Amino acid sequence: MAISYVKQVHQSTPTSATTFNLAVTNSPSAGNLIILHGRGGGGSIITGVTDTKGNSWNIDVAGTGSNATINIASCLLTSTLTTSDTISVTYNAAAGSRTMAVYEFSGIDLISS
């Protein structure tokens, strides 16, 4: 099966807090890969990601760049998220501004080494 972009699950411009609860606006399906992309200033990094269904999240890139910090987390969904669920993202420090987006992809098989 080919890797396919399915849809955007969430996009926001949160404030400068350290924890954000992102509403799921388009329900992603179990078995698909979810990628969270966070961008912001101040050099703050993602220290944790959880969701209300208890899926296991990985922090893949924790803070790169000096002016615009990029953070990436991923999750191979074992439980489908619905629009009543949230994804919680925690940073190590507040920053002046942040944007976050969550995307869903299908056709990805993760192989553990």
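Restricting Thr82, Thr86, Thr19, Thr25 to residues that are closer than 27 Å to Ser4 by Cα and exposed (fewer than 13 other Cβ atoms within 10 Å of the Cβ) narrows the list to Thr82.
Confirm whether Thr83 is among the polar types (S, T, N, Q) and at pLDDT below 85. When the stated conditions are applied, Thr83 does not pass them. Cβ-Cβ contacts under 6 Å between residues 6 or more apart (or on different chains), taken from a first residue in the range 91-102 that is within 21 Å of Ser74 (Cα to Cα) and without any contact (Cβ under 8 Å) to a residue 60 or more places away in the chain to a second residue that is small (Gly, Ala, Ser) and surrounded by 14 or more Cβ atoms within 10 Å (Cβ to Cβ), are absent. Considering the range 62-80, the residues that are at pLDDT 85 or above and aliphatic (A, V, I, L, M) include one that is nearest to Val49 (Cα to Cα), namely Ala73.
The values are calculated or read from the model by the stated rules, or taken from the named source; none is laboratory data. Bear in mind the structure is a predicted one, so any value in this text is a computation, not a measurement. With ideal geometry, Cβ positions are generated from the backbone for all residues, glycine too; neighbour counts draw on all protein chains shown.
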